[in-house]
Structure formats: C-alpha cells, structure tokens
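Engineer: Once you've had a glance at the structure underneath, I'll fire off some questions.
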Amino acid sequence: MPKRGGLLLFVGFAALFLTVNRDAYRGYFQDDEIDNLSWAPYLGPLDYLKGVATPRFQVNNFRPVGHYYFHAVEEIAGLEFPVYVAVLHGFHLLNVWLLWLVARRLGATAFAAAAACLFFGVHMALFDNFWKPMYVFDVLCATFCLLSLWCYASERWVLSFVAFWLAYKSKELAVMLPVVLLAFEVWFGKRRWKVLAPFFLTSLSFGVQGILGNPNKDNDYTFRFTAAALAKTSGFYAGRILLIPYLGLVVPAFVFLTRNRRLWFGLAAMGLFFLPVLFLPGRVFSAYCYLPFTGLAIAITGLAEAVSPAALGLFLALWLPMDIHELRLRRRETLANGGEVRTWMSTVRRFAAGKERVDAFVFSGTPAGFHQWGVEGALKYFYERSDLTVKHTGEPGATALTQTRRVALLNWDASRKRLDIVMRGPGASE
C-alpha cells in the first residue's frame, strides 16, 4: 500500500476513535490520579531521569516514565482534565500506528493489519485505558514494547534494548518482552541468540529483585501461584477478549486453523504478557489487557489469512455491537462518578483558597469509588503540604483531634451529591 493510502487510513481511524470516545473529555480524575498528582510536582526532571537510569528495583512502586506524564502535564495544565485525556489519546493513537508498522514488518497484508488495528484501537475492554489517565502506565508500556519489537525486527538492536528498558520503567509487565523477542527469533528471525542476552539478563535482574524485594507480603499485590487464583483471573480475562464470559478461552484453539506464523507468534505474545497478571487475583482489571491485546491483534493478522475477507468482516460486524454496548455501560458509570468527584474537588479547592488555618482534616463519606488516598492526595495537592493529618471518622483518634486542634470536617452527602466543610476545635468559628 502506498504511504499516502496508509496515512489516509490512519487519519480516518483517528477521527473514528476520537468521535467514539469524545465523552472522555467530560470525565474527571479518580483517586489514583489525584494521588499521583499530589506528589508529582515535588520531583524535578532529574529525579525522574535517575529513576529511569537506575537498574535497581523500585520498592515504592515508582514508575518514572509513567509518573513523569503526571508531572509534565500538571505543570502545563494543572487540573484541566481534558488535557490529560488528549495526551493519553495521543499515545494510544501512536500505539495503533506502531502496531500497524509491526504487523506490516511481519508480513501482514494491508487489509489484515487494518482489521487488527481497528480491533485493538476501539476495543472497549480497554475503555479505562482510553478514559482514565491512571492507566497511562499500561499505555506507555505498550508504546515502548511495540517500539522495541519493531526496532528488533528491523535489526536496530540498541534502540530495541533502550525501548525495552523504557517499557519496564513504564510498567513491570514488560519483563516478559525478552521471551516475546525469543519467539520472534524462532518464527521470524535468524536464530541469533546472542543478541537476546542483554534483554534476558536485564529481565532476570529485575525479576529476581522484584521477587526478593517485593514489600507486598500478603495483600492484593501479592502473587498467588494457586489453581484458585488462576481460575479467577483466566476466567475474567477470557471474558474480556470477545466481551462474552469465558468465550476467550477458545482463542488458543485458533492455532489449529492455520500454520500461519503471525497467528502463533501473536497468541504466544498475548499469553506471555498476560502471564504475570494471571497470578494476581487481588488486582483483576480490564485495563491490564492493553499490552496483551497487542499480541492478540498480531494474531488476528494471521487469522485473516486463514479465513476469507468476508468471514473476517462478519466477525467484526458481530463484535462491534457488543463493543458499543460495553462503551455505553462504562461511559454512563464513569461520567457519573467523575461528576461526583468534580463536585467534591471543587468544594475543597474553594475552601483551601480561603486560606483558613487548618491543623487536621477528618472526612465522612466520599464520592462513589473514591478512596482515602484520593482524599489525602487532594488535600495535599491544594494545600501544597505532604505532612497533613487526614483521618476518616471511624479511625482511632479522629474525634479527639477536635479537642486540641483546628479540624476541618468534610462530610459527603451521597443523596444530594454535595460536600459540606465545617471547622471544629479550639478557636474555630462554628
């Protein structure tokens, strides 16, 4: 296909994607995003650069590439949510383009590559990756994994390794990329195993450090290598592939339809990228499909050669209504939750602007899905202090605070979607 034709296809897809997801710009921050914003401004570019350069495992879950996104955009836009979404969409569209380049490099026809990019580009299992900046880590990890794979296929070894390093510094799922590159060598390469040595040594180093230095000993971030954990996670993620419960479990059977190497490679890449999250039953999120679905998209380019164009078109036609249904369900819930958080944040912003002295904060109730770390993050952001005392009304010592300190009481009225703030304690006006 001429470059002009490919460019027109990409522009057309970008217009489609932005139209379908235009309501994302009406959303608002969630608790994780506000928590990231609360401390991101305190670090300078050099701190993020050091985080990228260090070969040591970050026990505080610092992902310098993804966290720098919050730092950079906050400096430019503050709390203007649409700017965060626009940057997120820009990276996603870049990933669609990179997926096209990889698929074409692997020998896919223009039709097969376009079908795969459409499937990946608007798949609403990835709704949160399109709508919520908190999942920029997954999006950027996919960006650098695809870039690494494309550079590797183009025999640009150094650039491929740099991209792999940045992928890991975006999110730890990239630790599986060297095995994906090994699969590439088996099916597409020239069996040059020595080239893979730096990738595997780096992956092994980060993997061992992650296992030995993981501070999460018995919580949602702890790996569970059990049959029960695997049953829970595999059932969930299988239902995300085609948006029908458990139907995705039949996808591995596609290997019996054709001997196409792209199909085998794509399914292998999807399975390898899914592998770490399959043993995290406490952290089961649809957004974690983002990187594995790049492998699924590559597999679709191989499947397109095993079936007729009409059959592939029929599959997309049957899948799109389910995709639209998923969008409508998630859009309604996300906009409703975002509206509540916007109201809560606006009230806190106005209160903080009053410059009244506050020694501590006690809160009761929060918007739907808004956790304590979001409350703490918002207060630290508006007051530009990292040492604030913030307690829930049910925590020990919360009531006693009003006896000795000036305390702001934050009460969220869920029925009226309203936040009331009053001062209590010595010297506070009623």
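The values are calculated or read from the model by the stated rules, or taken from the named source; none is laboratory data. Note that this is a predicted model, so its numbers are computed, not measured. Quick reminder, even Gly has a Cβ in these numbers, built from the backbone with ideal geometry, and neighbours come from all protein chains shown.
Engineer: I'd like the full set of residues that are in a loop (DSSP other than H, G, I, E, B) and of a type in the set (Gly, Ala, Ser), limited to the range 309-356.
Structural biologist: Scanning the range 309-356 gives a single hit, Gly354.
Engineer: Please state which of the following conditions Val87 fails to meet, knowing it meets all the rest: (1) within 17 Å of Phe200 (Cβ to Cβ); (2) without any contact (Cβ under 8 Å) to a residue 60 or more places away in the chain.
Structural biologist: It fails just one condition, (1).
Engineer: Which one of these does Gly377 not meet: (1) buried (at least 19 other Cβ atoms within 10 Å of the Cβ); (2) more than 27 Å from the chain's Cα centre (by Cα); (3) among the small types (Gly, Ala, Ser)?
Structural biologist: Unmet for Gly377, out of (1) buried (at least 19 other Cβ atoms within 10 Å of the Cβ); (2) more than 27 Å from the chain's Cα centre (by Cα); (3) among the small types (Gly, Ala, Ser): (2).
Engineer: Which residues, taken from the range 243-283, are aliphatic (A, V, I, L, M), part of a helix (DSSP H, G or I) and touching a residue at least 24 places away in the same chain (Cβ under 8 Å)?
Structural biologist: Val251, Leu263, Leu267, Ala268, Ala269, Met270, Leu272, Leu275, Val277, Leu278
Engineer: Does Tyr152 satisfy being over 25 Å from Asn21 (Cβ atoms), of a type in the set (Ser, Thr, Tyr) and surrounded by 23 or more Cβ atoms within 10 Å (Cβ to Cβ)?
Structural biologist: yes
Engineer: From the set of residues in the range 178-201 that are in contact (Cβ under 8 Å) with a residue 60 or more places away in the chain and part of a helix (DSSP H, G or I), which is farthest from Leu275 (Cα to Cα)?
Structural biologist: Trp187
Engineer: Out of Ala14, Ala40, report the one residue that is buried (at least 17 other Cβ atoms within 10 Å of the Cβ), assigned by TED's automatic domain parsing to the domain that holds Phe206, modelled with pLDDT of 95 or more and in a helix (DSSP H, G or I).
Structural biologist: Answer to the selection: Ala14.
Engineer: Only helices (runs of 4 or more DSSP H) wholly contained in the range 72-159 count here; list those with 1 or more residues that are more than 21 Å from Leu243 (Cα to Cα) and assigned by TED's automatic domain parsing to the domain that holds Glu172.
Structural biologist: By residue number, 81-105, 110-121, 136-153.
Engineer: Right, Lys217: among the basic types (Lys, Arg) and either surrounded by 11 or more Cβ atoms within 10 Å (Cβ to Cβ) or farther than 22 Å from Ser160 by Cα (or both) or not?
Structural biologist: The answer is yes for Lys217.
Engineer: If we keep just the residues of the range 87-133 that are within 22 Å of the chain's Cα centre (by Cα) and small (Gly, Ala, Ser), which is nearest to Val284 (Cα to Cα)?
Structural biologist: Ranking the candidates gives Ala125 first.
Engineer: Could you please let me know if Thr334 is out of contact with any Gly (no Cβ under 9 Å at 6 or more places or on another chain), of a type outside the set (Gly, Ala, Ser) and surrounded by 13 or more Cβ atoms within 10 Å (Cβ to Cβ)?
Structural biologist: Here the answer is no, as Thr334 does not meet what is asked.
Engineer: Over 15 Å from Ala269 (Cα atoms), at pLDDT 95 or above and not aromatic (Phe, Trp, Tyr): is that true of Val162 in this structure?
Structural biologist: So Val162 fits the description; yes.
Engineer: Here is a further query. Within the range 165-172, is even one residue within 18 Å of Met270 (Cβ to Cβ) and part of a helix (DSSP H, G or I)?
Structural biologist: Checking the range 165-172: at least one residue is within 18 Å of Met270 (Cβ to Cβ) and part of a helix (DSSP H, G or I).
Engineer: Let me ask something additional. Find the residue count for the range 387-430, including only residues that are at positive phi and either loosely packed, with under 13 Cβ neighbours inside 10 Å or among the β-branched types (Val, Ile, Thr) (or both).
Structural biologist: Residues flagged as at positive phi and either loosely packed, with under 13 Cβ neighbours inside 10 Å or among the β-branched types (Val, Ile, Thr) (or both) within the range 387-430 amount to 2.
Engineer: Now for a different question. Just to be sure before I move on: is Gly339 modelled with pLDDT under 95 and surrounded by fewer than 17 Cβ atoms within 10 Å (Cβ to Cβ) in the structure I sent?
Structural biologist: So Gly339 does not fit the description; no.
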